[in-house]
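Everything on this sheet refers to the single structure shown next.
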Number of protein chains: 2
Amino acid sequence: MEKLFFNAHHSPMGAFASFTLGYKGAKGGLGQELVGPADQNVFIGIENATRDGWSALPFFEMANDDISRYDIEKELDEIKSNIEFFADNEISRDFGISTDTWRAGDLTFKLISPVFSMPDPTTADDIAMKLAVAPVILAEIEIDNRQGKTPRQAFFGYQGNDPYSAMRSVMKCDNAPFIGIGQGQGTLIATRKLNAHIGIGFTLKEVIEPDFVENLSCGIGGVGAITLETPAGEIGRYQVAIAFYRSGIVTSRLETSYYYTRYFKNIDAVVNFALDNFDIYLERAVAAERMINDRGLNAEQHFMLAHAVRSYYGSTQLLRQADNEPLWVVNEGEYRMMNTFDLTVDQLFFETKMNPWTVKNELDMFVSRYSYVDKVRFPGDETEYPGGISFTHDMGVANVFARPEYSSYELFGLDGCFSHMTHEQLVNWILCGSVYYEATQDIDWLNNNLQIWQDCFASMCNRDNPDPDKRNGIMSLDSIRCRGGAEITTYDSLDQSLGQARNNIYMAVKCFAAYLAMEKVFGEQHLTELAVAAGKQAERCADTLLAHVTAEGYIPAVIDEDNDSRIIPVVEGLVFPYFNGCSAALDKNGRFGALISALKTHLETVLVPRVCLFSDGRWKLSSTSNNSWLSKTYLCQFVAQQILGLPPDPVADKGHCQQLLDDENSYFAWSDQMVDGIAKGSKYYPRGVTSILWLEYNKQHEV
Amino acid sequence: MEKLFFNAHHSPMGAFASFTLGYKGAKGGLGQELVGPADQNVFIGIENATRDGWSALPFFEMANDDISRYDIEKELDEIKSNIEFFADNEISRDFGISTDTWRAGDLTFKLISPVFSMPDPTTADDIAMKLAVAPVILAEIEIDNRQGKTPRQAFFGYQGNDPYSAMRSVMKCDNAPFIGIGQGQGTLIATRKLNAHIGIGFTLKEVIEPDFVENLSCGIGGVGAITLETPAGEIGRYQVAIAFYRSGIVTSRLETSYYYTRYFKNIDAVVNFALDNFDIYLERAVAAERMINDRGLNAEQHFMLAHAVRSYYGSTQLLRQADNEPLWVVNEGEYRMMNTFDLTVDQLFFETKMNPWTVKNELDMFVSRYSYVDKVRFPGDETEYPGGISFTHDMGVANVFARPEYSSYELFGLDGCFSHMTHEQLVNWILCGSVYYEATQDIDWLNNNLQIWQDCFASMCNRDNPDPDKRNGIMSLDSIRCRGGAEITTYDSLDQSLGQARNNIYMAVKCFAAYLAMEKVFGEQHLTELAVAAGKQAERCADTLLAHVTAEGYIPAVIDEDNDSRIIPVVEGLVFPYFNGCSAALDKNGRFGALISALKTHLETVLVPRVCLFSDGRWKLSSTSNNSWLSKTYLCQFVAQQILGLPPDPVADKGHCQQLLDDENSYFAWSDQMVDGIAKGSKYYPRGVTSILWLEYNKQHEV
């Protein structure tokens, strides 16, 4: 990418933590459990070869210090700083899925984030777990002083803004096997190099050019930095650990701790472990890059996938219940809702590839704590009919678990944003379960949950029509939790074309996919009658959709409700048969050939300017909304190209990429909801890992 | 006080926590470990008798909610609120040391803070400890609905701003023995009343007037409140606990937890205990008020003492080391330095009265971890002479302990703010120790520390003059830690008159008091030679001071250094003989009668307008600085009236009080450093408990 200065996550796996870096100014830093970047000063720089000053990456504000809070009548001299930022054209950035390398002058600053499979904590050995859950990322700092006639220093530090504790140092005299600077017990940057020194001060200048070396141990300044010295004529390479930690109970209602607290008693133990295993992390970083390099992705796709995976990990949280039972949580970016189910179903493909046990973990929690049974109503009619099981929108928000059977998000009595997503989450459970089972063949899990599968089937049918003879495969009744309002879909802030669940064709194709999955599973489990019934529902759904194809070739977004929007996501549901063993249903000459062909025609019909393309070629999910979502676009691109055979659309990729790199948007790392190209919602968001699907395009290359 | 709206702490003891309340706007709230008020919305109000709306105390902003972050294209209607603030003249406030009661219309809102002796954790029983350390304060809410024809509701809640976790509710369905609302695991407001309900929402209105009661369990709004219903014709009284909690390791370098974690496994256990023991807390509140009521204090003194004690407790922190060893820390208000020794010596009188074991605890920690041995130099001369033991300025800052032998504050190579306070802290150790020993007669402690006493004496003498024959009882050499700079005093931001330690008469009288204390202790311990030598030093000090009395009757602030400032705090040191068993030395007809008379004359000479009085009669600590400190003023007022026999100065009391109640200053609760009447430094500060000395004026009344 030509653009250098965009924020990206550099995150451990499962620590809900991020060293966010890349946007100019005090706009990144070390954050835990936050709604966005930590907005701290981050200091990375090198002494000039001429030794007359310092050059730094532009990630801090040259601000006044706060000495005047203490020495209250002192008139502060404007201290003339000899620290300058590198010019933009002196800086380069090499951005990957695991490594992110800045080069400027004789300085190379490389960040390494762990990107590998998270082992199942119930079966993995301790060393595998420690490597995976250590709440740490790594940095490698290189100073090329081969031309130098004198030693040169580089610095790396930050100015923390945790409201509860001071910056601190771990000094040589502390007798730890490293030295470092950090804030309280929460964040710590450490190295083992002997030719490093560390300091705390009111200003960066005080730390890198101390009047008296003793003053580096001052405790009341807000700035901390490590300074590394390289002798003349040498290249200095320095290994640094950047760690996070949160002890004790961190969640409420359901009280849990971070899983890493099982292995690391404090943050010092974390950096020590990371520095011991630096080379292993480096090797794994190379493997992670290999996973997405040379896989036929264009530059924009490669960038977006790497970027999205980072944002996903920054939102992940592996928790430990009282009995050491693990609990995998993906927080919903800036909203921090926990395991929002309509994100889980999109992140499914990434998790199934990387660590399928997390899918099982999520599904089991939805069953045991976040399922409920409701009744249903036709719109405008207070008669209640049997409904059945479904699942909540989420499991809580920002470290507070919701009470059982309820989400933190869903309200009663609404028909727009914050209404219930009962039907969609019901379908999501089946779809996630089917993909998980196909990938793992975990028959124990299936057997344990076979009754849930059956309950889900009954519940879906009841939401179609209480009278079996009148079922058309499509949702027609809303949960009574809506109290006469209407269920919504994951597209909660879009207009009716995607926001309303009932009679929605996006929902319909997901239902189609769910019925297919149940047909297969029930058939294999010798529940023949149910298999037949599920297959029948899939067929009804397909027939209903086909019956609503317009003369122009598209299907209106909401059928039978006077809506004529055209939407791309009607094809979304086709991704599931591809991964859950039902790919025969995607054959355009097969049992559902007519539907597949109709959906292809639909897509070709709507993917035109002024309908479902923005003027610059970006995809527009609904013809009637300027609010378009990248995660879903990625998924639909995959369906279009891989399943329906549409050609690649590199112009769209460029447009989507530029959106993320926009001067404002790029502060939030990866974001989802773009209104007229501006990130208005779902910022700093984990859902973009639908882009992992693109690796399917060139699967033959996989090692 | 006529002024109603000033912030005051409502704090547990030793939890470094405060429910700060009283300043209009979102300027109070529930804070832990913060530099100032939490700046949260606090919701306290009652339904109007006419049931057409609500009236509230003015402690929140009527702000837009943040629904638009989620429903990003929604145009928000300006919701017409039916919540209004009571008019100022409808509100009254009754402010005490433990209780703070607001009355408005039919609502009474009373806050109860624990103010009683903190037992020694090494000897106290569990129930006494639990009562003392429970991180909780209490509220009693009364709704007078005797005239009402319908039930009426009152509400109490807040909008937390902890960056790491969401607001949460404890609902009836959670099966806790209470219901409540809180934020994460850190803060919680709870009650047991059955006719209460609770809710979380985006706005207060959503919570107190829910469209659907089910929506009260919504999790993603930032507002939480308890609503309490009182039937027609009744007075409703409701008991509420307001709790704080921080689990796990909270300090760094020396890793400790809060002591309360030994007794309460989480915040739920805290509120449960507090609600069980509500009546005991109420009884103790009555006793606390009795401690300062009817003791002859004028209204301003009564107010300032109550206010200062609150600010002290808000800064206190009882920590638990790995072996359950307690560690008492007083954080330094907005600066959060831990056990700043020059504050400890001022807080000494309060701690000795309330819980003298905390003084011992602090002194022992200064010996074991925060003492050091240095050498000394004359100004302008690099020759090093033997120095001796001294103690650091503090033990760390904001939950980060300093390394042994160093403070977080003191820097090398300075002669102003942030320089070393070596000599002052040395003297402070002796003075604190002498008052502690006199109050407790703890002979074990004295015996364990007798060598330290002797080391301190040698160190003081060395700082007077390396040549015993040239000693004059006054500090003449600076620590080599100053690297040629100069030591300072606690008055670090004042000019030379009080800021410089060497040859300073404020320091001189404190040294005089320390020598007297050592004379007594060494004598009692049969260290006769040392006793004689210490007495000799005291006499030399007195003689030196007397030799510098000017014709006008004052002693210049810094002797022999061309300084002619006039200062009040020269008398400070006389407080110690009063409390450490050396009161004979204060006899104006006794051994040091000449000095006592000279100091009285000095004070009478300087306590005049344009010298050490501001134009409104407030005391001005130095004739050459407009920066005056209330804590020290209180102490000097005590010495002037009780020891030197000057008349009371109620005009000054009024002025000091008005300063605290100034429209801007009163945001910070009790503050110390006032420059021209504006709180410029040492805000939100614990040191004002020197006002406890005023209870000596009328000691005969004590029960």
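Just one of (1) open to solvent by 50 Å² or more (accessible area, probe 1.4 Å); (2) outside any helix (DSSP H, G or I) trips up A:TYR554, so point out which. The single condition A:TYR554 does not satisfy is (1). Apart from one condition, A:GLY484 fits all of (1) within 14 Å of chain B (Cβ to nearest Cβ); (2) part of a helix (DSSP H, G or I); the exception is (2). Of all residues in region B:161-186, those satisfying the criterion of being under 21 Å from B:LEU275 (Cβ atoms) and part of a loop (DSSP other than H, G, I, E, B) are B:MET171, B:ASN175, B:ALA176, B:PRO177, B:PHE178, B:GLY184, B:GLN185, B:GLY186.
Taking the criterion of being of a type in the set (Asp, Glu), surrounded by fewer than 21 Cβ atoms within 10 Å (Cβ to Cβ) and more than 11 Å from every other protein chain (Cβ to nearest Cβ), the residues of region B:374-422 that qualify are B:ASP381, B:GLU382, B:GLU384, B:ASP415. Quick one: in region B:428-448, which of the residues that are open to solvent by 10 Å² or more (accessible area, probe 1.4 Å) and among the aliphatic types (A, V, I, L, M) is nearest to B:HIS526 (Cα to Cα)? Out of the qualifying residues, it is B:ILE443. Restrict the check to region A:539-550 and report whether at least one residue is under 28 Å from A:VAL675 (Cβ atoms) and out of contact with any Lys or Arg (no Cβ under 6 Å at 6 or more places or on another chain). Checked region A:539-550: at least one residue is under 28 Å from A:VAL675 (Cβ atoms) and out of contact with any Lys or Arg (no Cβ under 6 Å at 6 or more places or on another chain).
Determine whether region B:638-659 contains at least one residue that is open to solvent by 20 Å² or more (accessible area, probe 1.4 Å), acidic (Asp, Glu), farther than 27 Å from B:LEU343 by Cβ and out of contact with any Phe, Trp or Tyr (no Cβ under 6 Å at 6 or more places or on another chain). No, region B:638-659 contains no residue that is open to solvent by 20 Å² or more (accessible area, probe 1.4 Å), acidic (Asp, Glu), farther than 27 Å from B:LEU343 by Cβ and out of contact with any Phe, Trp or Tyr (no Cβ under 6 Å at 6 or more places or on another chain). In region B:291-299, the condition of being in a loop (DSSP other than H, G, I, E, B), crowded, with 24+ Cβ neighbours inside 10 Å and not basic (Lys, Arg) is met by no residue. Of all residues in region B:98-113, exactly one satisfies the criterion of being open to solvent by less than 20 Å² (accessible area, probe 1.4 Å), β-branched (Val, Ile, Thr) and touching an Asp or Glu at 6+ places or on another chain (Cβ under 6 Å), namely B:THR101. Here region A:455-489 is the region considered, the condition is being more than 20 Å from A:ILE505 (Cα to Cα), touching a strand residue (DSSP E or B) at 6+ places or on another chain (Cβ under 8 Å) and of a type in the set (D, E, K, R), and the residue that is least open to solvent (accessible area, probe 1.4 Å) is A:ARG481.
Pick from region A:144-160 the residues that are in contact with an Asp or Glu (Cβ under 6 Å, 6 or more places away or on another chain) and in a strand (DSSP E or B): which of them is nearest to the other protein chains (Cβ to nearest Cβ)?
As a first pass, look at region A:144-160 and keep what is in contact with an Asp or Glu (Cβ under 6 Å, 6 or more places away or on another chain): A:144-145, A:151-153.
Imposing the further condition that a residue be in a strand (DSSP E or B) reduces the set to A:144-145, A:152-153.
Values: A:ASP144: 34, A:ASN145: 30, A:ARG152: 25, A:GLN153: 21 Å.
Filtering region A:144-160 for residues that are in contact with an Asp or Glu (Cβ under 6 Å, 6 or more places away or on another chain) and in a strand (DSSP E or B), the one nearest to the other protein chains (Cβ to nearest Cβ) comes out as A:GLN153.
Whether any residue in region B:663-676 is open to solvent by 10 Å² or more (accessible area, probe 1.4 Å), more than 14 Å from every other protein chain (Cβ to nearest Cβ) and assigned to a loop (DSSP other than H, G, I, E, B) is what I want to check. Yes, because at least one residue in region B:663-676 is open to solvent by 10 Å² or more (accessible area, probe 1.4 Å), more than 14 Å from every other protein chain (Cβ to nearest Cβ) and assigned to a loop (DSSP other than H, G, I, E, B). One residue stands out among those in region A:162-186 that are within 24 Å of B:PHE412 (Cβ to Cβ) and small (Gly, Ala, Ser): the one that is nearest to the other protein chains (Cβ to nearest Cβ), which is A:ALA166.
On the basis of being touching a helix residue (DSSP H, G or I) at 6+ places or on another chain (Cβ under 6 Å), of a type in the set (Lys, Arg) and either open to solvent by 10 Å² or more (accessible area, probe 1.4 Å) or without any contact (Cβ under 8 Å) to a residue 60 or more places away in the chain (or both), does B:ARG262 make the cut?
Working: touching a helix residue (DSSP H, G or I) at 6+ places or on another chain (Cβ under 6 Å): no; of a type in the set (Lys, Arg): yes; either open to solvent by 10 Å² or more (accessible area, probe 1.4 Å) or without any contact (Cβ under 8 Å) to a residue 60 or more places away in the chain (or both): yes.
So B:ARG262 does not fit the description; no.
Take B:LYS353 and decide whether it is open to solvent by 10 Å² or more (accessible area, probe 1.4 Å), within 30 Å of A:CYS173 (Cα to Cα) and part of a helix (DSSP H, G or I).
When the stated conditions are applied, B:LYS353 does not pass them.
When only residues in region A:490-501 that are more than 12 Å from chain B (Cβ to nearest Cβ) and crowded, with 24+ Cβ neighbours inside 10 Å count, which is nearest to A:ASN428 (Cα to Cα)? Taking the candidates together, the pick is A:THR490. Filtering region A:335-353 for residues that are at pLDDT below 95 and farther than 25 Å from A:ASP442 by Cα leaves an empty set. Please indicate, with yes or no, whether at least one residue in region B:637-652 is more than 21 Å from B:GLY499 (Cα to Cα) and among the charged types (D, E, K, R). Yes, some residue in region B:637-652 is more than 21 Å from B:GLY499 (Cα to Cα) and among the charged types (D, E, K, R).
The values are calculated or read from the model by the stated rules, or taken from the named source; none is laboratory data. Please read all numbers here as calculations on a predicted model, not as lab measurements. Positions of Cβ are generated from backbone atoms using ideal geometry, with glycine treated the same way; all protein chains shown enter the neighbour counts. Heavy atoms of the whole protein, side chains included, go into the accessibility calculation; ligands, DNA and RNA do not. Shrake-Rupley method; radii C 1.70, N 1.55, O 1.52, S 1.80 Å.
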